[in-house]
Amino acid sequence: MGYTRLSLAEREEISRYLILNRSFTDIAFQLGRHASTISREINAHGGRRYYRLCRAQAEAQRNARRRQRRRKLDAPVLYQLVADLISLRWSPEQIAKQLAVLYPDDQTMQVSYETIYRYVYVYARPHLRKRVVAFLRRRHKHRRIKNKEKQKTSPIQDYISIDQRPIEVNDRKIPGHWEGDLMVGARNASAIGTLVERTTRYTIIVKLKGRDAVSVRVAFEETFNSLPDDIKHSLTYDQGQEMAQHKEFTKNTNITVYFAHPHSPWERGTNENTNGLIRDFLPKGTDFNKVPAAKLDYIANLLNERPRGVLNWSTPKEAFSKLLR
């Protein structure tokens, strides 16, 4: 026979037997219950000394109502929509904001990002949590704030410091200023280039033939030369040796290169954040020589079609397209 919850009559009997100082085992025998059931009941409602029928019944009914209360993400339609967007690697905040845009008059189809996180980390069953967390950016078993990753840089000669970068670049009001970096693959044997426009957060992932300065310069030149002149003014980079031919790059593209200070990844914060997003799709240890350019374009397009809070929940693609008109 399956377990049934204690009734009011059974709680009355428990209260009476406690007054008679009967043991938990004896009470369980009289009621035809397991001793552990009686023990849990009494300990949950004041213990042997303070157990009272009325309070125990009221607390049991209140707990039953809580168990029966449906959480918002228990709704199949909303849950499936949220799950689909998480599988596209949208963050819970992006999902919440987009739902508010798509369903402005339907509260049943809106949910806060905290509710999404809580559902994943608190209410979801372990196998479901593991599957969903795999699509979140950090894939942590528990919610936490991670310290910024350190980035190794190498000195480079005869460069223009970020200290000389115009104010218009810093305030992001004028588009056409980019941040760049290299992401290195398995055993340092391959790499891809990442370029992010600072105002729109539009991302381009560049297929590279090699990590050397010539390969990087040529690939970046081809990428920038395919863009209109009015949206390519400067490039902020770290002091990696792959940008050793920065003067020739500037001559061929008319793009000024500014170099960040050593060990200062926050000076290219937009690019650092974007690299983290790309790592969701291309984790450390990936051999970039085996990743086709079409897949890199696909990943960049996924990122460019995500709504961003910094863009008032427009997408980088939408913001960048306005610059091309």
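Just so it is clear, none of the values below were taken in a lab; they were calculated from the coordinates. If you're wondering where the values come from, they're calculated on a predicted model, not measured in any experiment. Positions of Cβ are generated from backbone atoms using ideal geometry, with glycine treated the same way; all protein chains shown enter the neighbour counts.
Kirkwood Rh over alpha-carbon pairs of the chain, then Stokes-Einstein at 10 °C and 1.306 mPa s: what D in µm² s⁻¹, rounded to an integer? Answer, rounded: 66 µm²/s. Note on the chain: antiparallel DSSP beta bridges, both residues inside, total approximately 60 percent of the bridges counted. Take the Cα of K295, step 7 Å toward its Cβ, do the same at C54, and the gap between the two points is 7.0 nm. Distance from the Cα centroid of segment 263-283 to that of segment 12-59 is 59 Å (rounded to whole angstrom).
Mind scanning K97/K284; K173/K317; K251/K284; K173/K322; K207/K232; K97/K207 and naming the pairs with a C-alpha gap bigger than 24 Å? Please list the in-between numbers first.
On the way: K97/K284 30 Å; K173/K317 17 Å; K251/K284 34 Å; K173/K322 14 Å; K207/K232 19 Å; K97/K207 33 Å.
Check vs 24 Å cut-off fails for K97/K284; K251/K284; K97/K207.
Ordering T4, T37 by the number of other Cβ atoms within 10 Å of each residue's own Cβ, fewest first, gives T4, T37.
Can you list, largest first and rounded to whole Å, the semi-axes you get for segment 8-68 by taking the square root of 5 times each eigenvalue of its Cα gyration tensor? Don't skip to the answer; put the middle values down first.
Details: eigenvalues 75, 31, 19 Å².
Listed largest to smallest, the semi-axes of segment 8-68 are 19, 12, 10 Å.
The listed peptides 233-239, 261-267, ordered by packing as a protection proxy, come out as 233-239, 261-267 (highest mean of other Cβ atoms within 10 Å first).
Paramagnetic label reach from S161 (point 7 Å along Cα→Cβ; backbone nitrogen cut-off under 20 Å): within segment 258-287, residues 258-269. The rule of thumb for compact globular proteins, 2.2 N^0.38 Å, goes into the C-alpha radius of gyration of segment 160-323 0.97 times. Taking every C-alpha pair closer than 8 Å and separated by at least 6 residues, the mean separation divided by the residue count of the chain gives a relative contact order of 15 percent. Ranked by the mean number of other Cβ atoms within 10 Å of their residues, highest first, the peptides 175-183, 16-24 fall in the order 175-183, 16-24.
Largest GNM mean-square fluctuation among Q241, Q157, Q98, using the chain with Cα springs under 10 Å: Q157.
Charged neighbours of P175, selected by a Cβ distance under 11 Å, balance to +3 (K, R count +1; D, E count -1).
Give me the net charge for the shell around Y258: Cβ to Cβ below 11 angstrom, other residues only, Lys and Arg +1, Asp and Glu -1. Write out the running numbers ahead of the final one.
On the way: positive: R165, R268; negative: D163, E179, D238, E267.
Local net charge: -2.
Largest GNM mean-square fluctuation among S161, S215, S226, using the chain with Cα springs under 10 Å: S226. Only beta bridges with both residues in segment 160-323 are counted; by DSSP, about 60 percent of them are antiparallel.
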